[in-house]
Structures are given as structure tokens and as C-alpha cells.
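The values are calculated or read from the model by the stated rules, or taken from the named source; none is laboratory data. Predicted model only: the values in this text are computed from it and were never measured. Every residue, glycine among them, receives a Cβ derived from its backbone with ideal geometry; neighbour counts consider all protein chains shown.
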Amino acid sequence: MILAIRIKGMVGNNRKIEDTFARLHLKRKYACTIVREKPEILGMIRKLENCIAYGKIDKELLKELVEKRGELIDKTQKTDKIKMVEEFLTGRTEKSWRDLNIKPFFRLHPPRKGIKSKKHFPKGVLGNNKEKINELLRRML
């Protein structure tokens, strides 16, 4: 599972870049989404490498993210979010977030202690953060 967090804002972006953001459900700054590792998705992520921070997410942190920031699509329908996420993580079903009645994106706070800079990973946060994305997400919850 890959976590992608939008770092760059909306002003001054190319239309193709904005379309790719829309396909990944990253319409606002500091929004994140969780996607499976498929060649099509990885191509979109590589295209947005200068605007997002991404990396592999831990299962425990994913449960915490859904618990704190997960929003239901249909609020009249009560669902157990944690049970649904465990089912989603095991991979038994090919359900999407919409099938689980959870919005496919999560709104986050700006990170505590700020962002070093908007440079690529070793000096900043943009690009592939590998395992360090979990620390960044924890600061944003």
C-alpha cells in the first residue's frame, strides 16, 4: 500500500498535472490517499513526484489514519471502519474505499514542526520518502 500526500498547492499547476491529482483524489493541499501498487498508479505517482510525498505505509498507522480521519460517504449507514480496513488490508476482496463507505481521501493538518523544505527527499519532503513517510503522517494526524 502506498500513501501519497499532496504538498504543493493548486496555483500555477499544469492542466495535465491537475487532472492526475483529480484521478488520485488529491484536490487540496495536505490531502492524502492510499493506493495499491499497480503500474498505472505508479506511473501517475511518478508524474506527480515534484508535488507529492509518497511511500509505503504501515498497517498500524493505516488503521489509526482511518480511525481519526476517515469520513463516511453515507452517514446514515453505520459501519465499523476498523473491521472494514482489516478486511481491505488482508486483500481477500478487491473492494475499493467507496465499497467500504469511506471517502477515498483523507484531510490532514499541516505537519507539526513544519516541513524542512519543498525539495526532494534527502533534503526535503517531496518524492519517495520510503519508510520516513510514516513519521511525516504521524506529525500530520
field: Per-region count, the range 25-54, residues modelled with pLDDT of 90 or more and of a type in the set (D, E)
entry: 2
- request: Mind listing whichever residues of the range 36-60 are over 18 Å from F121 (Cβ atoms) and without any contact (Cβ under 8 Å) to a residue 12 or more places away in the chain?
  value: K38, P39, E40, G43, E60
- request: Select from the range 99-120 the residues that are of a type in the set (A, V, I, L, M, F, W, C) and assigned to a loop (DSSP other than H, G, I, E, B) and write down the one among them that is nearest to A22 (Cα to Cα).
  value: F105
- line: Per the filter on the range 114-141, residues farther than 19 Å from I57 by Cα and of a type in the set (G, A, S) are G114, S117
statement: Looking across the range 27-63 at residues that are among the hydrophobic types (A, V, I, L, M, F, W, C) and over 16 Å from N128 (Cβ atoms), the single one that is surrounded by the fewest Cβ atoms within 10 Å (Cβ to Cβ) is L61
message: Quick check on I73: is it at pLDDT 85 or above and surrounded by 12 or more Cβ atoms within 10 Å (Cβ to Cβ)?
response: no
